[in-house]
Structures are given as structure tokens and as C-alpha cells.
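Here's the structure we're looking at; comments come further down.
The values are calculated or read from the model by the stated rules, or taken from the named source; none is laboratory data. All values derive from a computational prediction rather than experimental measurement. Positions of Cβ are backbone-derived with ideal geometry, glycine not excepted, and every protein chain shown enters the neighbour counts. Quick note on the areas: whole protein, heavy atoms, side chains included, nothing else; ligands and nucleic acids left out. Shrake-Rupley method; radii C 1.70, N 1.55, O 1.52, S 1.80 Å.
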Amino acid sequence: PSDEVRAAALEALARIGSPEGLQALMDALAHDNPNRSESPVRAAFALVGDAAVPRLLRCLVGQPSATLADGCALVLAELEAQSAREAVEDALRRGVVRPTAALRALARLGEPRSLATVLEHLSDPDARVRRAATDAAAELLDPRQPDGRAVAPIRRALEAAQASRFEQMALLSLLGATGSPRAVEILAPIAENADSPILRI
């Protein structure tokens, strides 16, 4: 079926709200692409709302496929469900949810308590994970509430990012977002002495 027809069918299943309809949505989520910024399957879960939360939480407690686990984490974040942060972080630690999806979910939830988990992935070997961690940290940091915990992990990631000007720029912005005076000793020399005008700016 066309994308429009499929989206309409998913929406209809969501509005029915029966256990069978929810199971059909879970089956669809198991084959959905978690890397898409928008998904008709996740949009259908938004219509189900809180009634879907227990099933999504059970998904992360078990051992689902990686695609289903990623989808469950993302839907829980979009629903802003209670206990979503704890469930996503636990599933990430157990290797049930892949880091890119988990970090996107934590960014969407926006709870500062997730910052420590996010910072652990700033120096990940996978560039996609590093980007997701940087984006998540940017969502969780607020310079109006200085947080020096982030300075050391960002500094380590910055030292490891010498080959990527884009990553360096993103990490420099994160240092500013910490609002911490400890970041000044890293930023000031770069602002004064960096060979790259872009980095100095």
C-alpha cells in the first residue's frame, strides 16, 4: 500500500484501542526505521497515548529485536511517559536499545538527570553515536544553571576530535552551554590562538 494508505490504517488501529490493535502497532514498530525523524507508526502510538505505555515499558525490560527496542524507547520519549528515562537508560546499559536511539530519546525527554549517561558517549568510536550524544547534551545543558560535571568529558572529546572541524565546533558550543567557569581555561586559549578563524569565532 501507499504511505498514505498505510498511515491511515495505522491511525485506525490506534483509534480502535483494542489489545489486538496495540499488538498490530507493536508488530509495525518492529519493522519501522528508528532513524527516521518522523514515523507514521510512532505517530499512531501518540494517538494511543498513555494506554500504550505499560506495553512499551515491558518491551524494554525484555529482549526484543534492536529495531523494536529502539522504537519503544523513541515512542516512550514522544509520549513523555513516567519512568521513561529510567527505562531507556537501563535498556541502554543492558545493550537492548542502541545508543543512537537511546540518546535521541533522552534528548527528547529533556531530563537533566540523563546528562551523565549522555556524556559517557561523547567519545564513542562511532561518529553517529558521538553526534547523537552531542545533540542530546546540547538539549540537556543550560548555561543559566552552570554544570561543571560536563567540562572534563567534553574536553576529552575535544582532544579526540582533532580530525573533525565540525565536531570541534559542536563541542566548543557545548563548553559554553555548561555555563561553568571551568570551561574558560579551555575556551580562552582557543579564542586567542587557534589557527582556524572558525574555531576562534
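For segment 118-189, applying the loop criterion from DSSP together with a ceiling of 15 other beta carbons within 10 Å to the trypsin sites (Lys or Arg not before Pro) yields R144.
Evaluated at q = 0.12, 0.19, 0.22 Å⁻¹, a Debye calculation over the C-alpha positions of segment 64-157 (equal weights, vacuum) places log10 I(q)/I(0) at -0.33, -0.82, -1.07. Counting only heavy atoms of the protein chains and using a 1.4 Å probe, S164 has close to 30 Å² of accessible surface.
Accessible surface area normalised per residue over segment 37-164 is 48 Å², counting heavy atoms of protein chains with a 1.4 Å rolling probe. Using the Karplus relation 6.51 cos²θ - 1.76 cosθ + 1.60 with θ = phi - 60°, the per-residue 3J(HN,Hα) values for segment 39-49 come to 9, x, 5, 5, 5, 5, 4, 4, 6, 5, x Hz, with x marking Gly and Pro. When E167, E159, E11 are compared by accessible surface with a 1.4 Å probe, the order from highest to lowest is E159, E11, E167. Per-peptide packing, taken as the mean over residues of other Cβ atoms within 10 Å, places 170-181, 186-197 in the sequence 170-181, 186-197 from highest down.
Accessible surface of the chain, 1.4 Å probe: 52 percent of it comes from carbon and sulfur atoms. Scaled against 2.2 N^0.38 Å for its residue count N, the alpha carbon radius of gyration of segment 69-110 is 0.93. How high is the FRET efficiency from R156 to I201, r the C-beta distance, R0 30 Å, rounded to 0.05? Efficiency, from the Cβ-Cβ distance: 0.85.
Dividing the Cα radius of gyration of the chain by its Kirkwood radius returns 1.07 for Rg/Rh. Shown in residue order for segment 19-27 are the 3J(HN,Hα) couplings computed by the Karplus curve 6.51 cos²θ - 1.76 cosθ + 1.60 at θ = phi - 60°: x, 5, x, 5, 5, 5, 5, 4, 4 Hz (x for Gly and Pro).
For segment 137-201, taking Cα atoms only, Rg and Dmax work out to 11.1, 31 Å respectively. Accessible-area rank, largest first, for D124, D135: D135, D124, with all protein chains present and a 1.4 angstrom probe. For the chain, the longest principal axis of the alpha carbon atoms and the long axis of helix 184-193 meet at an angle near 60°.
Subtracting the Cα-Cα distance from 0.36 nm times the residue separation, let me have the gained length for Q63 to R15 in nm, one decimal. Display every interim value, and only then the final one.
Details: separation 48, 0.36 × 48 = 17.28 nm, distance 2.79 nm.
Between Q63 and R15, full extension yields 14.5 nm more.
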